[in-house]
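Shown next, in structure tokens, is the structure this report addresses.
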Amino acid sequence: MADRLRIPARDRLIVALDVPTVEEARQVVARLGDAVTFYKVGLQLLFSGGLELGNELVGQGKNVFLDAKLLDIGETVRNAVANVARLGVRFLTVHGDKRAIRAAVEGRDGDTALKILAVTVLTSLDQSDLDELHIPMTVAEWVALRARHALAAGCDGVIASGLEVAQLRQQLGAGSLIITPGVRSPGASHDDQRRVTTPAEAIQAGADYVVVGRQILRASDQRRAAMAVVEEIEAVG
Ligand code: C5P
């Protein structure tokens, strides 16, 4: 876990830029200033100028997490990741399919700054979906199996809900990254997140980074809200 412990608390907060336009995203980034060093650009923004914004952020010295959740045949994933690697972003998500992960790792080539992260099981999937597919496992077992396959295929880490972190950290060991979205500070609205933990709980359980969107985006003082999350991480990190 040596690497984890060396990450400063401020750099362990990733703010999800889940806003409709790049203009709004730029305003958020300007408001947050030096309080935040890492941003997640997801599907919503990717289709409204998010790649250009990602470039701008990289140019400003920020870390960028491209949450593209890639899944396609190997050749297509390999070529797509080769292009992503040229953008200078730090994290890229790929669905936890063995072939797609293997291709993504090949596509990144020598760019070791780009970490390939597997989405093991979408949290929208529950036990009834597995039953419907005749998969004879609990969701936790399915997550563990998918994580094992993803790591064997060469990915650098996984996206995991706060409640899965402890089990995955034990399973994956210290060398893999774990990024946890869907966290909420004590007292904050859960919005539509159901299985939440606090940022501190996720970090204590073994997460390297937490992703926070609405709790910060909807705050009347976004910078203060981000700094409060960093303080929570600092207290346990
Ligand atoms: O607004 P909130 O903090 O809930 O946003 C969390 C971010 O993490 C969103 O960008 C969402 O898409 C992403 N995410 C999630 N839960 C997962 C995986 C990703 O909320 N299981």
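Would you confirm, using the coordinates I've provided, whether Leu151 is more than 16 Å from the ligand (Cβ to nearest atom), assigned to a helix (DSSP H, G or I) and either of a type in the set (A, V, I, L, M, F, W, C) or touching a Phe, Trp or Tyr at 6+ places or on another chain (Cβ under 7 Å) (or both)?
Yes; evaluated as a whole, the condition is true for this residue.
Applying the selection to region 194-215, what residues are near the ligand (Cβ under 8 Å from one of its atoms) and either under 20 Å from Gln167 (Cα atoms) or part of a helix (DSSP H, G or I) (or both)?
The answer is Val211, Arg214, Gln215.
Return yes when Ala68 is farther than 23 Å from Asp221 by Cα, buried (at least 19 other Cβ atoms within 10 Å of the Cβ) and out of contact with any Cys (no Cβ under 7 Å at 6 or more places or on another chain) and no when it is not.
yes
Yes or no, residue by residue, for (1) over 23 Å from Val84 (Cα atoms); (2) in contact (Cβ under 8 Å) with a residue 60 or more places away in the chain; (3) more than 16 Å from the ligand (Cβ to nearest atom):
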| site | (1), (2), (3) |
| --- | --- |
| Val28 | yes, yes, no |
| Ser48 | no, no, no |
| Glu52 | no, no, yes |
| Gln60 | no, no, yes |
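Determine, yes or no, whether Val196 is touching a His at 6+ places or on another chain (Cβ under 6 Å) and either open to solvent by 10 Å² or more (accessible area, probe 1.4 Å) or in contact (Cβ under 8 Å) with a residue 60 or more places away in the chain (or both).
Spelling it out, Val196 is indeed touching a His at 6+ places or on another chain (Cβ under 6 Å) and either open to solvent by 10 Å² or more (accessible area, probe 1.4 Å) or in contact (Cβ under 8 Å) with a residue 60 or more places away in the chain (or both).
Return yes or no: is Ser128 in a helix (DSSP H, G or I), over 29 Å from Glu106 (Cα atoms) and free of Cβ contacts under 8 Å to residues at least 12 places away in the same chain?
Yes, satisfied.
Can you find a residue that is surrounded by fewer than 20 Cβ atoms within 10 Å (Cβ to Cβ) and not in a helix (DSSP H, G or I) anywhere in region 158-172?
Scanning region 158-172, I find at least one residue that is surrounded by fewer than 20 Cβ atoms within 10 Å (Cβ to Cβ) and not in a helix (DSSP H, G or I), so the answer is yes.
If I ask for residues that are within 14 Å of the ligand (Cβ to nearest atom) and out of contact with any Phe, Trp or Tyr (no Cβ under 7 Å at 6 or more places or on another chain), which ones from region 158-179 would you list?
Selection gives Val158, Ile159, Ala160, Ser161, Gly162, Leu163, Glu164, Val165, Leu168, Ile178.
Kindly indicate which of Val94, Val105 is out of contact with any Gly (no Cβ under 9 Å at 6 or more places or on another chain), buried (at least 16 other Cβ atoms within 10 Å of the Cβ) and touching a residue at least 40 places away in the same chain (Cβ under 8 Å).
Val94
Looking at Ala152, Ala144, Ala118, which is the one that is open to solvent by 60 Å² or more (accessible area, probe 1.4 Å) and aliphatic (A, V, I, L, M)?
Criteria check complete, one pass: Ala152.
The values are calculated or read from the model by the stated rules, or taken from the named source; none is laboratory data. Nothing here was measured: the structure is a model prediction, and the numbers come from that model. A quick note on method: Cβ atoms are made from the backbone with ideal geometry, for glycine too, and the neighbour counts reach across all protein chains shown. Areas reflect the complete protein model, heavy atoms only, side chains present, ligands, DNA and RNA absent. Shrake-Rupley method; radii C 1.70, N 1.55, O 1.52, S 1.80 Å.
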